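Below is one structure, written out as structure tokens; the observations come after it.
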DNA sequence: ATAGACGTTGACGTTTGCGTTAACGTTGAT
DNA sequence: ATCAACGTTAACGCAAACGTCAACGTCTAT
């Protein structure tokens, strides 16, 4: 085998993980440093092993960053709010007071709601922008057609705007 | 009059311009420095006067930055490519060789095409994300309902996932 | 047991996109 | 003519988000 070492189950070392996530190794370590990724498991020698869940989380970070434009600090807070789910699943029937859980849930709900609102906003603006661009494109195409050995197709004068 | 100095036609000094664009004065000057905004006209004393076109351009920059996530360097290139339109309008019937114009037009077309493609990509991903978030939200709401002095509405057990 | 690929932790460097301050000029109202 | 509000350039500062060594350990195939 040339590049791939061996399958440690579906767990990936940082090299493969980085390649698949289209992020550098440095970036993954950086996310860990900053608390965006919980420290992944390790091999005996200390090599990081990323679980599929870790990989999903990385994807989530990418989305929040690239699609919605949040800073890593913001993303961290959001992920933490979301982690309420895990906490709840983990100690659903445990003793931990239910009041606090409800508070956390509401926090998570709030964050999610805001994300949805932001998406809706952005999608609306993007749709607008798309229309403008399409119009512009049509104009370019018109101009280009006009100049390919033509005979003044119909209403030809460069439409000023 | 309290805040507004006087109407210099629809031209704005940097203070007003910045306020309306929701950008700082520093930012506007910075864009100028970096060649994203062509140097605006000036008053006799040297004060910048932003035309409505300048304001539009600022909006365009904001969109490309916030909506599509381009760097200022990238945005600069795009705007330059787009400026082909102005150049063409300006010297439409002039002597400037038609070949070069066509090349520029194709460049502009290409850029626009790519922007549209990117928008489509992003919108698709955002729609996906929106769905996931909506589902998540529903789950939160279900959990929250369950805990407000209830009588086991229907299928109540915490759905594991 | 050795080599080559891969990984680890610092630590310092770089780029982007402005913020901030200083020292000074302009404008417009009074 | 004076004053406050507004503007100008130049310079330095800074946080975010990594990039890039260096010095060293690990893995695994041979």
*Sort the stretch B:10-148 into rounded, prolate or oblate with this rule: let a ≥ b ≥ c be the square roots of the eigenvalues of the Cα gyration tensor; rounded if a/c is under 1.5, and if a/c is not under 1.5, prolate when a/b is larger than b/c, oblate otherwise.*
oblate
*Label point distance in nm, residue A:62-residue B:49, each placed 7 Å from Cα along Cα→Cβ*: 5.0 nm
*Tell me, in nm to one decimal, what length is gained between residue A:77 and residue A:144 on full extension, where the rule is 0.36 nm per residue of separation less the Cα-Cα distance?*
19.1 nm
*asked:* Placing the label point 7 Å from Cα along the Cα-to-Cβ direction, what are the distances from residue A:145 to the equivalent spots in the other copies, shortest first, in nm to one decimal?
replied: 5.4
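Quick one: if the Förster radius is 51 Å, what FRET efficiency do residue A:86 and residue A:131 give, using the C-beta to C-beta distance and rounding to 0.05? Present the calculation step by step, with values, prior to reporting the outcome.
Numbers: r = 42 Å, r/R0 = 0.81.
Plugging the Cβ-Cβ distance into 1/(1 + (r/R0)^6) gives 0.75.
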_Treating the point 7 Å from Cα along Cα-beta-carbon as the label, what are the nm separations from residue B:125 to the other copies, to one decimal?_
1.7
*Evaluate peptide B:107-116: per residue, the Cβ atoms of other protein chains within 10 Å of its Cβ; return the mean as an integer.*
5
*Calculate the mean, over all residues of peptide B:16-26, of how many other protein chain Cβ atoms lie within 10 angstrom of the residue's Cβ.*
0
*Quick one: label points 7 angstrom along Cα→Cβ at residue B:41, distances to the other copies in nm, smallest first?*
6.9
*Given a Förster radius of 22 Å and the C-beta distance between residue B:114 and residue A:121 as r, what FRET efficiency does 1/(1 + (r/R0)^6) yield to the nearest 0.05?*
0.40
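Using Cβ contacts closer than 10 Å as the measure, can you line up A:29, B:109 from fewest to most? Don't skip to the end; give the middle numbers.
Details: A:29 14, B:109 19.
Least crowded to most crowded, the residues run A:29, B:109.
Throughout, read-outs are computed from the coordinates displayed, never taken from laboratory work. A quick note: this is a predicted structure, and the numbers were derived from the prediction, not measured. Glycine gets a Cβ as well: all are built from the backbone with ideal geometry, and neighbour counts include every protein chain shown.
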